[in-house]
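This report refers to the structure that appears directly beneath it.
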Amino acid sequence: MHKFKIIQLILFYPPYYGGMEKQALLLVKELIRNDIKIEVIAPGISKSKIVKAGNISELRRPGLGKVESKLVTVWYVTYTFLKLSLSLIKAKKVIIHGYGHGADKLVVYLFHKIFKVKYIVKIPTSFNEEFLKVFRDRLKDHVFFRYQDKVLRNASAVVVQDVETASRLRELGYDNSRIRIIRNGVQVPRLSEKRNYERLHGQSPVLLFVGRIVEEKGIFVLLDAFKEIRQSLRSSILWVVGDGSDLKRCKTYSEKIDLRNVVFWGRQTDVTQFYLEADIFVFPSFREGLPNVILEAMSYQMPIVTTNVGIIPQVIRNKKEGLLINPRDKKALVHAVKELVESPALGESLAQGARRKVEQDLSIKKNCEQHIRLYSEILDGQ
């Protein structure tokens, strides 16, 4: 058993919010399987709840209702300070693993300066060129950016997902030796039955979209494309799994354009059967990092059509692990789906390549192994 403890600090936790929170939970579960002592502190949840599983305590603050953001920030900081104080009393070898750059990370920085506690920070993929420009411009005159700079500069490691984000951090003068690239990972399922790609040949497919139902995910482009797909493949079905602020608008739009064979399933706690039973995974998002749903579809050995945005092209090579199109390109989306229908051999090749990529590089097991090595290196260097 490893002789150290991890305190995971993240504002929110599943089922709240999205990909980063889900990745945090997946890592926690895998660390527990590896006999790592871990505690989770999540001060940003608005419902009072304590969940215990194994040696993890997920701690959620009481709801504050609608209050001023400054008061919320004070609460985050106070709550985090108190919980970290209690957690560190008995701990000898400990690392704080923080996510994002919220107000609670200020406490981590203070604990580091006062008590010499080691910590690492995972930077979201929102740290893009646009954010970099804002960061540079505001660094001298805005207290939030100054404190964030201190948090990053004093971290034992800054974890990113891609070489571009690592490059942006180096541009800002952060220590290259402390920047680590660790990709997201997913559980790789055991597939008991071989997917029948031949049955798709010339037939109407079941398309699957999983994600937040908001315009930037390309959902309206998908609806328009699906209407065109049904002109030649009339029995095609589109499953839309997820919830979001544009769900009602999507349903209204589907009725307006008289779009048939679309099923809006809403939020689902388990999407396994959707991955197993659908034929093609479509994800025409306008802006992404490395979405969990893409990795999940790859792990279920599905043919994938998605956009060449964010980190996706670093994971899915066009006509190797999937088909890549430009965002907002309805015609390309229609063509890609029809190409997979007309060539089952292509779909099978892409799906098998995607599955291999996940098994080799993008499993939560590998992600966890990389984190354990990082924790050990940091503590061994004390």
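The values are calculated or read from the model by the stated rules, or taken from the named source; none is laboratory data. This structure is a prediction, so every number in the text was calculated from the model and none was measured. Neighbour counts are summed over all protein chains in view; Cβ atoms, including those assigned to glycine, are modelled from backbone coordinates with ideal geometry.
Key figures
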{"read-out": "Residue that is without any contact (Cβ under 8 Å) to a residue 12 or more places away in the chain and under 25 Å from A42 (Cβ atoms), where the choices are F81, F111, F145, F115", "value": "F145"}
{"read-out": "Single residue of the range 187-221 satisfying the filter (of a type in the set (A, V, I, L, M, F, W, C) and not in a strand (DSSP E or B)) that is farthest from M20 (Cα to Cα)", "value": "L200"}
{"read-out": "Residues of the range 139-160 that turn out to be of a type in the set (K, R) and either buried (at least 19 other Cβ atoms within 10 Å of the Cβ) or modelled with pLDDT of 85 or more (or both), as a count", "value": "2"}
{"read-out": "Unique residue being buried (at least 17 other Cβ atoms within 10 Å of the Cβ), more than 22 Å from the chain's Cα centre (by Cα) and either modelled with pLDDT under 95 or not assigned by TED's automatic domain parsing to the domain that holds G18 (or both) when the list is L333, L324, L295, L290", "value": "L333"}
{"read-out": "Given (1) assigned to a loop (DSSP other than H, G, I, E, B); (2) within 21 Å of the chain's Cα centre (by Cα); (3) modelled with pLDDT of 85 or more, number of the condition E30 does not satisfy", "value": "(1)"}
{"read-out": "Residue within the range 338-346 that is surrounded by 17 or more Cβ atoms within 10 Å (Cβ to Cβ) and not in a helix (DSSP H, G or I) present", "value": "no"}
{"read-out": "Residue count, the range 266-287 (criterion: over 19 Å from G19 (Cα atoms), loosely packed, with under 15 Cβ neighbours inside 10 Å and either not assigned by TED's automatic domain parsing to the domain that holds L323 or not charged (D, E, K, R) (or both))", "value": "1"}
{"read-out": "The range 118-138, subset in a helix (DSSP H, G or I), in contact (Cβ under 8 Å) with a residue 24 or more places away in the chain and not hydrophobic (A, V, I, L, M, F, W, C), residue surrounded by the fewest Cβ atoms within 10 Å (Cβ to Cβ)", "value": "E129"}
{"read-out": "Those residues of the range 142-160 which are assigned to a helix (DSSP H, G or I) and of a type outside the set (S, T, N, Q), in sequence order", "value": "V143, F144, F145, R146, Y147, D149, K150, V151, L152, R153"}
{"read-out": "Number of positions in the range 236-265 that are over 15 Å from L222 (Cα atoms) and surrounded by 11 or more Cβ atoms within 10 Å (Cβ to Cβ)", "value": "4"}
{"read-out": "Wholly within the range 236-307, helices (runs of 4 or more DSSP H) carrying at least 2 residues that are closer than 21 Å to L340 by Cα", "value": "272-277, 292-299"}
{"read-out": "Test: residue in the range 89-104 that is under 23 Å from V143 (Cβ atoms), in the same structural domain as G18 (by TED's automatic domain parsing), modelled with pLDDT of 70 or more and part of a loop (DSSP other than H, G, I, E, B)", "value": "yes"}
{"read-out": "Pairs with Cβ under 9 Å, 6+ apart, first in the range 354-382 and within 23 Å of P303 (Cβ to Cβ) and without any contact (Cβ under 8 Å) to a residue 40 or more places away in the chain, second of a type outside the set (A, V, I, L, M, F, W, C) and in a helix (DSSP H, G or I)", "value": "Q360/K366"}
{"read-out": "In the range 170-203, residue nearest to H97 (Cα to Cα) [restricted to those that are over 20 Å from the mean Cα position of the chain (by Cα) and surrounded by 17 or more Cβ atoms within 10 Å (Cβ to Cβ)]", "value": "R178"}
{"read-out": "Tally, over the range 161-182, of residues that are at pLDDT below 95 and assigned to a loop (DSSP other than H, G, I, E, B)", "value": "6"}
{"read-out": "Close pairs from the range 233-262: first farther than 19 Å from R199 by Cα, partner buried (at least 18 other Cβ atoms within 10 Å of the Cβ) and among the polar types (S, T, N, Q), Cβ under 7 Å, at least 6 apart", "value": "N261/S236; V262/S254"}
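Condition check ((1) modelled with pLDDT of 80 or more; (2) not in a helix (DSSP H, G or I)) across all residues:
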residue: H2; (1), (2): no, yes
residue: Y16; (1), (2): no, yes
residue: M20; (1), (2): yes, no
residue: K83; (1), (2): no, no
residue: L86; (1), (2): no, no
residue: L106; (1), (2): no, no
